[in-house]
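Have a look at the structure below, then the notes.
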Amino acid sequence: MAEYIVKAKPYEFKFDSEKTALIIIDMQRDFCAPGGFGEKLGNDITPTTSIIDPTRKVLEAVREKDMFVVHTREGHRPDLSDCPPSKLRRGKIQGAGIGDMGPMGRILVRGEHGHDIVDELKPLEGEPIIDKPGKGSFYQTDLDLLLANRGITHLIVTGVTTHVCVQSTIREANDRGIECLMLEDCTAAFDPRDQEASIRMINQQGGIFGWTTESKHLFEAFED
Ligand code: TIU
């Protein structure tokens, strides 16, 4: 057992590395690479690409501590039979819909180049990849089981986008009694206002959904 104390908002976050997992949410080319789904929707992808390197450093540090690492990908079966019609319909309104052909294959379809995780954060063998149809990582996946079977009670949360899949996952985890620490510099929204609002929404009211901090404080905790 190794206990760590991280400087965080609204107060310090304590965790046991054996009971804590790093979750890296949807660091897929569709969201983080030029020509992907995110950019096709007209977003500036600078924020999502710029978190790749800080996230890689966290991933390396966490692997060194032998902590559990979980990766997620948002996407659907090629026949889209697991995609709610509402999600399909509203995606199209924005101009680039799920299943449409994009520069990196069909958008958010499993097995396509754009759907996969960026090379810098490639999962190692033994690190589970959760393929999720929704925004939250728990909805219609076996994440709950994987965490419970390993006795995971705490999550260090990174990935994209902060106001969508990251927040949805933190809210789902919080309702399950899992304590979440979100790394502000390893999460990104396309619009900085959404990043700022998300951070405030999570750590307000004594940590209504969890804690937030910067990765440098995690490294400081690892060094103590
Ligand atoms: N992973 C994730 O956040 N999916 C999204 O659809 N995000 C948007 O910001 N659209």
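Taken together, the values in this text are just the output of simple stated rules run on the coordinates, not laboratory data. Since this is a predicted model, take the numbers as computed values, not measurements. Cβ atoms come from the backbone with ideal geometry, glycine included; neighbour counts cover every protein chain shown.
A cut-off of 5 Å between modelled amide H atoms, ignoring neighbours fewer than 5 places along the same chain, links ASP185 with SER215. Computed from backbone phi, the HN-Hα couplings of the stretch 106-116 come to 5, 5, 6, 10, 4, x, 7, 4, x, 6, 7 Hz, rounded to whole numbers (Karplus: 6.51 cos²θ - 1.76 cosθ + 1.60, θ = phi - 60°; Gly and Pro given as x). Restricting to bridges with both residues inside the stretch 93-208, how much of the DSSP beta-bridge set is antiparallel, in percent to the nearest 5? DSSP beta bridges in the stretch 93-208 are roughly 20 percent antiparallel.
Charged neighbours of ALA8, selected by a Cβ distance under 12 Å, balance to -1 (K, R count +1; D, E count -1).
Considering only beta bridges that DSSP places wholly inside the chain, some 25 percent are antiparallel. Other residues with beta-carbon under 12 Å from the beta-carbon of ALA148 carry, at +1 per Lys or Arg and -1 per Asp or Glu, a net charge of +1. Our summary gives the stretch 99-224 a relative contact order of 17 percent, counting only alpha carbon pairs under 8 angstrom and 6 or more residues apart.
Is the shape of the chain rounded, prolate or oblate, going by the alpha carbon gyration tensor and its root eigenvalues a ≥ b ≥ c, with a/c under 1.5 for rounded and a/b larger than b/c for prolate? Prolate, because a/c is 1.5 or more and a/b exceeds b/c. When +1 charges are put on Lys and Arg Cβ atoms and -1 charges on Asp and Glu Cβ atoms, the dipole computed for the stretch 81-215 relative to its Cα centre reaches about 640 debye.
Once the other residues with Cβ under 12 Å from the Cβ of GLU172 are scored (Lys, Arg +1; Asp, Glu -1), what is the net sum? That works out to +2.
A Cβ-based charge dipole, computed about the Cα centre of the stretch 1-44 with Lys and Arg at +1 and Asp and Glu at -1, lands at about 100 debye.
What shape does the stretch 28-81 have by the C-alpha gyration tensor, where a ≥ b ≥ c are the square roots of the eigenvalues, rounded means a/c under 1.5, and otherwise prolate means a/b greater than b/c and oblate the rest? Oblate is the answer for the stretch 28-81, as a/c is 1.5 or above yet b/c matches or exceeds a/b.
Only beta bridges with both residues in the stretch 1-80 are counted; by DSSP, about 45 percent of them are antiparallel.
Our note on the geometry: Cα centres of the stretch 118-135 and the stretch 51-112, 9 Å apart.
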